[in-house]
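Q: Got a structure here, written out as structure tokens. Questions coming.
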Amino acid sequence: MRYIPLTAEDKREMLNTIGVDSIEKLFDVIPQDIRLEKGLLKLPEPMTEQELLRHAHEVAKSGISAASSPFFLGAGAYNHFIPAAVDHLISRSEFYTSYTPYQPEVSQGTLQAVYEFQSFVCMLFGMEVANASMYDGASSLAEAALMACRISKKDEIVISNLVHPRWREVVRSYTSRRSIKIIEIDCTVGGTADLRDFSARINENCAAVIVQSPNFFGNVERLGGIGDLCRNRKVLFIAAVAEPVSLGILKPPGDFGADIVVGEGQPLGLPLSYGGPYLGLFATRQKLLRQMPGRLCGKTTDKDGRGGYVLTLAAREQHIRREKATSNICSNQALCALAATIHLSLLGKTGLAEVAKLNFNAAWALKERIEKSSSAEMVFDAPFFNEFLVELNEDASVVNARLAKVGVIGGLDVSRYYPDLKNRMLLAATELTTPADIDKFMEALEG
């Protein structure tokens, strides 16, 4: 691309055309207090390559690694063991650069992997069809809300405020220009959804009810009651799952009548990776297939009767007219989906159940230590999987700072998202949490 400099006269002409008197006016929407002051960033003096590498290593050593430290942070991203085979296989050249398999005759391996991924998602969620993945759990939930409104031709969504706060934020962002009203139900007092509150807010304009289980506080929701309520009131039931490992021991949302199930695939073979790239899981009922966003990989036979795989029902803007597209998702996170497929293949049904039990047992061991402590106490008495909320004797940020000093990564200070919940910390334990980790955590907690 050629560089064409602008003269002062060129700039004036462009500003006059768009009706502003200065370039600074273009940035009025950015709050003044977050703008950079005039001048350059305060960067250090230039370094040679070897100096920069040494500096980067020193900076890295100053942090705490989840791979080598006691780790109790969850809240939508979970520290699980990933077999070496996962990284090895997704690094093979035939997979590593794979994108959209537009030519099925030369993409059978990629298409088969995607088909297997869809099959795993259906089994995991207890649903009939799944798409070929999405960006992450948050975008999957937002697309589910849009899908529900398309199907019902209604414009209200009732959602529990114990759905992950970041996911709710993405839902609001996706729906803000669609005249869709998001009604949040406060479930913080009891720690789970109260059917009476939901029933009172469902009206003739309601398209769907959204509940996450285990919810943001780690509590397992009574999905059966929510499913019955939605069916009786003729609204769609959308279930969200941020920790799919829980489905190794919990019944899938599909068994409770969910119409759409979405989830985050990160716990299935993907590292924490500073928050991404992650993997969106999306499944629904056969009757709603044509309104499902993204795309679908199908299995068919050729003229000689040999099995093969193809893209089908790909109602994206790349395949049909923009106004008829169900979504504008332009990547199916194929490499991340492959990692999840390999991970689930290695575990199998019994392996996933065993990992889930290890998670539950680790969390229960931590809970028992908390109950014996004078520095913290359980907030809820509801069933949980591998995560739960505790109330501390002091500010959660102070406790986390104390934990960090001894090399322990503590839980989430939930007051970031729920300002009324002071001194509350969300703690998670997985199969990687050892008794020694819990000992070290409790020693620092009781300080």
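The values are calculated or read from the model by the stated rules, or taken from the named source; none is laboratory data. Keep in mind the model is a prediction, meaning the values are calculated, not measured. Cβ placement follows ideal geometry from the backbone for every residue including glycine, while neighbour counts extend to all protein chains displayed. Areas reflect the complete protein model, heavy atoms only, side chains present, ligands, DNA and RNA absent. Shrake-Rupley method; radii C 1.70, N 1.55, O 1.52, S 1.80 Å.
Q: Considering only segment 60-77, I want to know if a residue exists there that is more than 30 Å from Val245 (Cα to Cα), open to solvent by 100 Å² or more (accessible area, probe 1.4 Å) and either out of contact with any Cys (no Cβ under 6 Å at 6 or more places or on another chain) or part of a helix (DSSP H, G or I) (or both).
A: Checked segment 60-77: at least one residue is more than 30 Å from Val245 (Cα to Cα), open to solvent by 100 Å² or more (accessible area, probe 1.4 Å) and either out of contact with any Cys (no Cβ under 6 Å at 6 or more places or on another chain) or part of a helix (DSSP H, G or I) (or both).
Q: Just the residues that are modelled with pLDDT of 95 or more, open to solvent by less than 70 Å² (accessible area, probe 1.4 Å) and either under 13 Å from Glu443 (Cα atoms) or not in a helix (DSSP H, G or I) (or both), please, taken from segment 357-374.
A: If the condition is that a residue be modelled with pLDDT of 95 or more, open to solvent by less than 70 Å² (accessible area, probe 1.4 Å) and either under 13 Å from Glu443 (Cα atoms) or not in a helix (DSSP H, G or I) (or both), then Leu366, Ile370 are the ones that fit.
Q: Of the conditions (1) among the β-branched types (Val, Ile, Thr); (2) in a loop (DSSP other than H, G, I, E, B); (3) surrounded by fewer than 10 Cβ atoms within 10 Å (Cβ to Cβ), Val20 clears all except one; give me its number.
A: The number of the failed condition is (3).
Q: Just the residues that are in contact with a Phe, Trp or Tyr (Cβ under 9 Å, 6 or more places away or on another chain), open to solvent by 40 Å² or more (accessible area, probe 1.4 Å) and under 16 Å from Arg295 (Cα atoms), please, taken from segment 109-123.
A: Correct list: Gln112, Tyr115.
Q: If you go through segment 205-228, how many residues are over 20 Å from the mean Cα position of the chain (by Cα), part of a loop (DSSP other than H, G, I, E, B) and either modelled with pLDDT under 95 or of a type in the set (A, V, I, L, M, F, W, C) (or both)?
A: Of the residues in segment 205-228, 0 are over 20 Å from the mean Cα position of the chain (by Cα), part of a loop (DSSP other than H, G, I, E, B) and either modelled with pLDDT under 95 or of a type in the set (A, V, I, L, M, F, W, C) (or both).
Here's the yes/no breakdown for (1) polar (S, T, N, Q); (2) surrounded by 24 or more Cβ atoms within 10 Å (Cβ to Cβ); (3) free of Cβ contacts under 8 Å to residues at least 40 places away in the same chain:
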site: Leu223; (1), (2), (3): no, no, yes
site: Arg231; (1), (2), (3): no, no, yes
site: Lys234; (1), (2), (3): no, no, yes
site: Ala242; (1), (2), (3): no, yes, no
site: Lys251; (1), (2), (3): no, no, no
site: Phe256; (1), (2), (3): no, no, yes
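Q: Taking Arg172, is it open to solvent by 20 Å² or more (accessible area, probe 1.4 Å), basic (Lys, Arg) and more than 20 Å from the chain's Cα centre (by Cα)?
A: On the way: open to solvent by 20 Å² or more (accessible area, probe 1.4 Å): yes; basic (Lys, Arg): yes; more than 20 Å from the chain's Cα centre (by Cα): no.
Spelling it out, it is not the case that Arg172 is open to solvent by 20 Å² or more (accessible area, probe 1.4 Å), basic (Lys, Arg) and more than 20 Å from the chain's Cα centre (by Cα).
Q: Taking the residues in segment 389-413 that are touching a residue at least 60 places away in the same chain (Cβ under 8 Å) and touching a strand residue (DSSP E or B) at 6+ places or on another chain (Cβ under 6 Å) as candidates, determine which candidate is nearest to Ala66 (Cα to Cα).
A: Selected residue: Ile409.
Q: Taking segment 317-334 as the search range and keeping residues that are surrounded by 19 or more Cβ atoms within 10 Å (Cβ to Cβ) and of a type outside the set (Ser, Thr, Tyr), which one is modelled with the lowest pLDDT? Talk me through it step by step, then tell me what you get.
A: Step one: list which residues in segment 317-334 are surrounded by 19 or more Cβ atoms within 10 Å (Cβ to Cβ), which gives 326-327, 329, 332-334.
Now narrow it down to the ones that are of a type outside the set (Ser, Thr, Tyr): 329, 332-334.
Working: Ile329: 64, Asn332: 60, Gln333: 77, Ala334: 85.
Out of the qualifying residues, it is Asn332.
Q: Collect the residues in segment 78-99 that are assigned to a loop (DSSP other than H, G, I, E, B) and either modelled with pLDDT of 95 or more or buried (at least 18 other Cβ atoms within 10 Å of the Cβ) (or both), keeping them in residue-number order.
A: Pass one, segment 78-99, residues assigned to a loop (DSSP other than H, G, I, E, B): 78-83, 91-92, 97-99.
Those that are assigned to a loop (DSSP other than H, G, I, E, B) and either modelled with pLDDT of 95 or more or buried (at least 18 other Cβ atoms within 10 Å of the Cβ) (or both): Tyr78, Asn79, His80, Phe81, Ile82, Pro83, Ser98.
Q: Evaluate the following for Ala353: is it at pLDDT 95 or above, among the small types (Gly, Ala, Ser), open to solvent by less than 50 Å² (accessible area, probe 1.4 Å) and out of contact with any Asp or Glu (no Cβ under 8 Å at 6 or more places or on another chain)?
A: Judged against the criteria, Ala353 is a match.
Q: Ile202 versus (1) of a type in the set (A, V, I, L, M, F, W, C); (2) touching a Gly at 6+ places or on another chain (Cβ under 8 Å); (3) more than 23 Å from Phe282 (Cβ to Cβ): which is the lone unmet condition?
A: Result: Ile202 fails condition (2) only.
Q: Now a separate question. Determine whether Asn393 is more than 20 Å from Thr188 (Cβ to Cβ), open to solvent by 20 Å² or more (accessible area, probe 1.4 Å) and in contact with a Ser or Thr (Cβ under 6 Å, 6 or more places away or on another chain). Break it down stepwise before answering.
A: Details: more than 20 Å from Thr188 (Cβ to Cβ): yes; open to solvent by 20 Å² or more (accessible area, probe 1.4 Å): yes; in contact with a Ser or Thr (Cβ under 6 Å, 6 or more places away or on another chain): yes.
So Asn393 fits the description; yes.
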